[in-house]
Structures are given as structure tokens and as C-alpha cells.
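Notes to accompany the following structure.
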């Protein structure tokens with residue numbers, strides 16, 4: 001009986017890898033968060049200019065994420081998804097790393113997470129997955145809070161698949 005469960009799990013895993021769930025937002029956000037965690041633990045250290053705003057500088061390990069697009073661009077390449085890392089500034093979440101473009105074709109850094117269902121969830125330390133409007137475009141999205149070593153919410157991660 002044990003063997004049967006292992007085979008079933010293997011078949012399911014292969015199905016996931018071969019694209020049966022190519023646009024699974026929960027799998028995509030898990031990949032983004034894993035890529036960030038591999039760099040190191042999240043923390044805030046000082047401030048940094050993003051677009052025309054001074055915001056907290058968000059680090060994973062020794063790598064500053066503000067104005068660094070390696071991870072979000074890798075997620076776009078791997079999953080054809082939009083991806084963003086937000087830093088928490090006061091009551092707002094500000095985009096500090098993103099592959100989401102403004103209507104002018106620039107990265108949407110310095111813009112804030114809209115006060116929507118995703119904002120409500122990550123503010124409470126919870127995941128949000130569902131339909132969302134990002135700068136005027138509909139996405140199937142997931143957002144996760146980013147917490148520092150003490151459990152304080154210091155940011156949020158996001159991925160979206162265009163609907």
C-alpha cells in the first residue's frame with residue numbers, strides 16, 4: 001500500500017512540473033518566496049530612494065532588494081508572471097522591486113499597493129490569493145506578507161498571472 005502512495009505522489013509531482021498547473025498562482029508565489037529566502041533572511045536596514053520616495057531599505061541577507069530586479073525578472077522568465085516585492089512604510093506597502101510596468105513603460109517602483117482585499121490580508125499577516133486589479137489590469141494573484149526575524153510585517157511579495 002505504501003508504494004502506491006509514493007507512485008501517486010510522483011505522478012502528481014510530474015503533472016505539476018509538466019505544466020498541468022503552469023499558471024498556479026500559489027505555486028508561483030511559493031517560488032518567488034523561495035528565491036528570496038535562498039538569498040537570506042529579510043530585514044530592514046536604513047532608507048533608500050525608490051523612484052522619488054525615501055522608503056525603508058529591504059534586504060534579504062546582504063542583498064538590498066530596493067531597485068534590484070534579478071528575482072522578479074527570474075520569476076517572469078520562469079512563470080510568465082508579474083512579480084513585485086513591497087516594503088512596508090507606515091501603513092502603506094511601496095513597490096521597491098517589480099516587473100510590473102506603468103502605462104509609460106517604466107517599472108512601477110515607488111507606487112503603493114491599493115487598499116484592496118490583498119492589502120487587508122497582508123496587513124494582518126495573511127496570504128491573499130484571488131482576482132486583483134494591478135495598475136489597471138486584471139490578474140489572478142497571490143500576495144504574502146514578508147516578516148522579519150521577530151515576526152514583524154516589513155513588506156509583502158506578489159505574483160500575478162494575467163487573466
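General observations
- Screening the candidates 138, 121 for the property of being more than 22 Å from residue 47 (Cα to Cα) and surrounded by 14 or more Cβ atoms within 10 Å (Cβ to Cβ) yields one hit, 121.
- Checking each residue in the stretch 90-107 for being free of Cβ contacts under 8 Å to residues at least 40 places away in the same chain, under 15 Å from residue 120 (Cα atoms) and either touching a strand residue (DSSP E or B) at 6+ places or on another chain (Cβ under 9 Å) or assigned to a strand (DSSP E or B) (or both) picks out only 92.
- Residues that are closer than 15 Å to residue 155 by Cβ, without any contact (Cβ under 8 Å) to a residue 24 or more places away in the chain and in a loop (DSSP other than H, G, I, E, B) within the stretch 23-45 comprise just one, 40.
- Residue in the stretch 86-93 that is modelled with pLDDT of 95 or more, farther than 19 Å from residue 30 by Cα and under 13 Å from the mean Cα position of the chain (by Cα) present: yes
- Applying a threshold of 9 Å to beta carbon distances and a minimum spacing of six or more residues, or different chains, the list of pairs starting in the stretch 116-129 at a residue that is part of a loop (DSSP other than H, G, I, E, B) and ending at one that is surrounded by fewer than 17 Cβ atoms within 10 Å (Cβ to Cβ) reads 116/133; 124/153; 125/147; 125/151; 125/153; 126/120; 127/26.
- Residue match in the stretch 5-15 (condition: modelled with pLDDT of 50 or more and surrounded by 10 or more Cβ atoms within 10 Å (Cβ to Cβ)): no
The values are calculated or read from the model by the stated rules, or taken from the named source; none is laboratory data. Keep in mind that this is a model prediction, so the values were computed, not measured. Ideal geometry is used to build each Cβ from the backbone, glycine not excepted, and the neighbour counts take in all protein chains shown.
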